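Right, one structure below, let's go through it.
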Amino acid sequence: VQLQASGGGLVQVGGSLRLSCAASGRTFNTMGWFRQAPGKEREFVAALKRSGGTIYYANSVKGRFTMSRDNAKNTVYLQMNSLRPEDTAVYYCAADEGSKIASSIRTVSEYHYWGQGTLVTVSS
């Protein structure tokens, strides 16, 4: 089982980046993006279910970030627009075989599989 995240980099304030996470070895019913800034705890960014329906976002990224999926490729994406310095962090792709409910989909401990992380740096 492997989650391969890519797409991070250095971008100026207001710029955009697109992260990708390709899953292999298993089909996951819930996939999410989390991030961790230096000295801070890992926090929820966005998540969705393979079956479709609501896509969940952290309030801090709502309206700027868009998560999507390609089930045929077993890949999820995170389109990040209007980036701010406070978006600087290592972004992690996470996945779980369970189909999470709204009350748990934002919780770090609910995900059993994690990618290696990709660094996003927003410079001012």
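In this structure, is residue 35 modelled with pLDDT under 95, under 18 Å from residue 95 (Cα atoms) and of a type in the set (Lys, Arg)?
It is false that residue 35 is modelled with pLDDT under 95, under 18 Å from residue 95 (Cα atoms) and of a type in the set (Lys, Arg).
Give 82, 20, 60, 68 a once-over and let me know the one that is of a type in the set (Gly, Ala, Ser), part of a strand (DSSP E or B) and surrounded by fewer than 16 Cβ atoms within 10 Å (Cβ to Cβ).
68
Taking the stated definitions as given, is residue 120 hydrophobic (A, V, I, L, M, F, W, C), in contact with a helix residue (DSSP H, G or I) (Cβ under 7 Å, 6 or more places away or on another chain) and not in a loop (DSSP other than H, G, I, E, B)?
yes
Would you check which residues across the stretch 65-118 are without any contact (Cβ under 8 Å) to a residue 40 or more places away in the chain and of a type in the set (Val, Ile, Thr) and list them?
Of everything in the stretch 65-118, those that are without any contact (Cβ under 8 Å) to a residue 40 or more places away in the chain and of a type in the set (Val, Ile, Thr) turn out to be 66, 101.
Out of contact with any strand residue (DSSP E or B) (no Cβ under 6 Å at 6 or more places or on another chain) and of a type in the set (D, E, K, R): does that describe residue 50?
Yes; evaluated as a whole, the condition is true for this residue.
Out of the residues in the stretch 27-54 meeting the condition of being closer than 13 Å to residue 96 by Cβ, in contact with a Phe, Trp or Tyr (Cβ under 8 Å, 6 or more places away or on another chain) and not hydrophobic (A, V, I, L, M, F, W, C), tell me which one is surrounded by the fewest Cβ atoms within 10 Å (Cβ to Cβ).
My answer is 50.
Within the stretch 69-103, can you find the residues that are small (Gly, Ala, Ser) and at pLDDT 95 or above?
82, 89, 94, 95, listed by residue number.
Filter the stretch 85-112 for residues that are closer than 18 Å to residue 20 by Cα, open to solvent by 20 Å² or more (accessible area, probe 1.4 Å) and touching a Lys or Arg at 6+ places or on another chain (Cβ under 8 Å) and give the result.
90, 92
Take residue 26 and decide whether it is closer than 14 Å to residue 114 by Cα and in a loop (DSSP other than H, G, I, E, B).
Criteria met by residue 26.
The values are calculated or read from the model by the stated rules, or taken from the named source; none is laboratory data. Computed from a predicted structure; not experimentally measured. Cβ atoms come from the backbone with ideal geometry, glycine included; neighbour counts cover every protein chain shown. What goes into the accessible areas is simple: the full protein's heavy atoms, side chains included, and nothing from ligands, DNA or RNA. Shrake-Rupley method; radii C 1.70, N 1.55, O 1.52, S 1.80 Å.
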